[in-house]
Structure formats: C-alpha cells, structure tokens
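> One structure coming up, written as structure tokens, with questions to follow.
The values are calculated or read from the model by the stated rules, or taken from the named source; none is laboratory data. Not measured: the values here are computed from a predicted model. Note that we place each Cβ from the backbone using ideal geometry, even for glycine, and neighbour counts take in every protein chain shown. Heavy atoms of the whole protein, side chains included, go into the accessibility calculation; ligands, DNA and RNA do not. Shrake-Rupley method; radii C 1.70, N 1.55, O 1.52, S 1.80 Å.
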Amino acid sequence: MRSRRTTLAVPGSNPRFIEKAQGLPADEIFLDLEDAVAPSAKEDARKTVAAALNEGDWSGKTRVVRVNDLDTAWAYRDVIEVVEGAGANLDAIMLPKVSDATHVQWLDRLLTQIERAAGLPVGRIGIEAQIEDARGLVNADAIAASSPRLETLVLGPGDLMASLNMKTLVVGEQPPGYTEGDAYHHILMRILIAARAHGLQAIDGPYFNVRDVDAFTRVARRSAALGFDGKWVLHPSQIEAGNAVFSPTQDDYDHAELILDAYEHSLREGRGAATLGDEMIDEASRKMALVIAAKGRAAGLTRTKRFDPEGN
C-alpha cells in the first residue's frame with residue numbers, strides 16, 4: 001500500500017501552488033481539475049497538470065489527479081488528456097462523486113483503452129473513489145469491489161453533508177445542536193468497513209478551517225483512532241499534524257516489531273503463543289502488530305529496540 005497519511009489538494013490551474021507542493025512533506029499530492037478550477041480554466045488546467053507531472057520533481061510522493069465527475073462535460077477529456085500526456089508519471093486518478101460501481105468501472109475501461117493505445121502498462125494506474133452522497137454511502141460495498149485498480153475510498157464530507165441535509169456550514173465539524181456522540185461515526189465506519197473488506201485504504205476528507213491546526217488535529221485523531229490511513233490536507237500548515245496523527249509513536253512502533261519477533265521466535269520453538277515481558281502474544285496479537293508495524297515502516301520509522309529471546 002502507498003503511504004497516504006496526508007493527501008494535499010493542489011489547484012491544477014495554479015502553477016505556483018503546484019511548484020510549491022513538490023517540496024512539501026505530504027505523502028500524496030493530488031492535482032485538482034474539479035472544484036478548485038473554474039469552468040473557464042478547466043481545459044488549460046489539463047495541460048498545466050500534464051506538464052507538471054512530467055517536468056516536476058515528485059520524488060517519494062504519490063501522484064494523483066482528481067478529474068471532474070461523470071455528470072459533467074469535462075470528465076472523459078480530463079482522463080484522456082492527462083493520461084495520454086503524462087500517464088507514465090501518474091500513480092492514480094481520483095474520481096469524485098462516485099455513487100455506484102458503474103462509475104469506477106467506466107473509468108477502469110477508459111484507462112485500459114488509453115493505456116493500450118499509448119503503450120503504457122495496462123492496469124498500473126490506480127483509482128481513488130470519492131464517496132460524496134447518500135447513494136454512494138449505501139453502495140460503498142459494491143463500489144469497493146468494482147475494480148482491481150481501486151486503491152482507496154475517500155470521504156467527501158462537504159457534498160455528503162449537503163446530500164444528507166446536515167445542519168452545518170463548517171465542513172468536518174459536528175452540526176450545531178448535536179451533542180450526543182459523533183454525527184460522522186456511522187459515515188466513517190461505513191467507508192472504513194467497505195474499504196477493509198476489499199483490501200483498500202480509507203482516507204478521511206478535509207477540514208476546511210485551515211488556520212486552526214488544533215481543530216484539524218482533533219478531527220484527524222477521530223478517524224485515525226478508527227483505523228483510517230490518512231486525511232486530506234488543504235494547507236501546508238496541516239501536513240505536519242496529519243503525518244504525526246496517522247503515524248504510530250516510536251514506542252508503539254518498537255513494541256509492534258517486538259511482538260512480531262517474539263511470536264516468530266515462539267513458532268520456531270514449536271509454540272503457538274508467546275510472552276513479551278508480562279504480555280501474552282498469539283496470532284491475533286501478530287495481526288494487530290502487523291498493522292502498526294506497516295504504518296511505522298511506511299512513515300519511515302526505524303527500530304530503536306531489538307528482541308532478546310532470553311530477556312525479551
């Protein structure tokens with residue numbers, strides 16, 4: 001899995017922002033042809049995005065382009081021009097407003113046709129599906145199973161809140177008057193479970209008050225605690241906080257690696273369970289440790305503790 005702790009949205013029509021994004025520590029950069037680009041600028045933005053993918057230094061970053069949704073006149077040309085122009089330097093296409101599996105299947109087939117015509121490896125370019133309305137949420141399982149290219153399900157909170165008639169104007173915050181629990185819990189869990197059932201990543205959507213990093217961190221911790229892999233960021237000020245929230249602590253990462261070592265040692269000794277200090281370890285412990293270890297490795301953490309079979 002690609003690391004997507006932070007996914008930075010960058011307007012595809014703004015060369016200055018695109019150049020700046022290349023030096024920022026976000027795991028993924030998506031060049032946006034949808035909401036961030038005015039209708040009159042969309043055609044030129046395709047050329048700007050393709051040139052940036054080919055000429056920019058995106059080292060260590062997942063490179064994604066968000067195209068316009070299928071109900072617009074721009075979507076098919078977005079895909080054709082970007083992939084024909086820069087498909088070799090593109091990791092995934094993000095499709096917004098996915099309400100059923102046929103949307104993803106349309107994109108999959110179009111990508112396959114372009115790849116074959118352009119001599120690109122068929123199937124290499126992935127898909128990110130953005131869930132943004134009630135119908136998409138209901139169809140999350142079918143969407144998650146729709147294509148082998150699919151890599152992530154992404155929450156689009158603003159449009160989804162509008163689709164539900166949620167009584168709030170602040171994207172990412174609890175609606176006024178809702179004081180019992182979390183109004184987004186079912187939405188987050190619905191996307192997360194559908195993603196995990198099909199081996200996909202789950203990415204939380206943006207928090208719009210970009211200057212309030214403390215509030216962003218609070219909201220990010222909610223989805224990170226559930227198991228989400230990352231969150232959109234709209235401003236460079238949110239990147240450091242997002243990377244930290246969706247990475248394990250050094251102690252947790254070390255502990256996970258020690259659990260894996262202890263359990264492997266136990267199996268070599270012919271035992272199905274082990275101890276690490278005062279902690280009992282079994283196959284369930286191994287699976288839980290794998291999750292934390294994988295997140296730590298993806299975040300670039302290195303071990304500071306080694307397993308000692310004698311004294312742990």
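> Would you report the distance distribution of C-alpha pairs in region 178-312 as whole percents per 5 angstrom bin, up to the bin with the largest distance?
For region 178-312, the pair-distance distribution reads 2, 10, 16, 17, 16, 14, 11, 8, 5, 2, 1, 0.
> Cross-link partners among lysines for Lys287, C-alpha distance below 23 Å, same-chain residues fewer than 8 apart left out?
Lys295, Lys305
> Name the GluC sites (Glu not before Pro) in region 201-304 that are in a loop by DSSP and that have at most 14 other C-beta atoms within 10 Å, would you?
Taking region 201-304 and a limit of 14 other Cβ atoms within 10 Å, the loop GluC sites (Glu not before Pro) found are Glu269.
> Quick one: how many Å² of Arg286 are accessible to a 1.4 Å probe, rounded to 10?
Answer for Arg286: close to 70 Å² accessible.
> At 1.4 Å probe size, what's the solvent-accessible area of Val245? Round to the nearest 10 Å².
Number for this one is 30 Å².
> Moving to a separate point now. Per the 1.4 Å probe, what fraction of the accessible area of the chain, in percent, lies on carbon and sulfur atoms?
52
> Return the lysines within reach of Lys47: Cα separation strictly under 29 angstrom, same-chain partners fewer than 8 residues apart disregarded; answer none if there are no such residues.
Answer for Lys47, where 29 Å is the Cα cut-off: Lys20, Lys61, Lys97, Lys231, listed by chain and number.
> Ordering Lys61, Lys97, Lys42, Lys287 from largest to smallest accessible area (1.4 angstrom probe), what's the sequence? Walk me through the numbers before you get to the answer.
On the way: Lys61 30, Lys97 60, Lys42 10, Lys287 120 Å².
The ranking, largest first, comes out as Lys287, Lys97, Lys61, Lys42.
> May I ask for the percentage of alpha-carbon pairs in the chain that lie more than 38 Å from each other?
Here the long-distance tail beyond 38 Å is 18 percent of all Cα pairs in the chain.
> With a probe of 1.4 Å, find how much accessible area the chain has per residue, and write the answer as a whole number in Å².
On the way: 14460 Å² over 312 residues.
On a per-residue basis, 46 Å².
> Taking each pair of distinct Cα atoms in region 45-152 once, what is the resulting Kirkwood hydrodynamic radius in Å? Show your work: numbers first, answer last.
Values: mean 1/r = 0.0715 Å⁻¹.
About 14.0 Å, per the Kirkwood formula over Cα pairs.
> Among residues other than Glu257 whose Cβ falls under 15 Å from its Cβ, what is the net charge (Lys/Arg +1, Asp/Glu -1)?
0
> So what's the net charge close to Ala144: Lys and Arg +1, Asp and Glu -1, counting the other residues with Cβ under 13 Å from its Cβ? Write down the numbers at each step before the final one.
Details: positive: Arg149, Arg190, Arg196; negative: Asp100, Glu128, Asp141, Glu151.
Value of the local net charge: -1.
> Right, something else. Please work out the Cα center distance from region 206-240 to region 269-312, rounded to the nearest Å.
Each part's Cα centre sits 29 Å from the other's.
> Using heavy-atom solvent-accessible surface (probe 1.4 Å) with all chains present, what is the largest-first order of Asp141, Asp254, Asp71?
I get Asp71, Asp141, Asp254, largest accessible area first.
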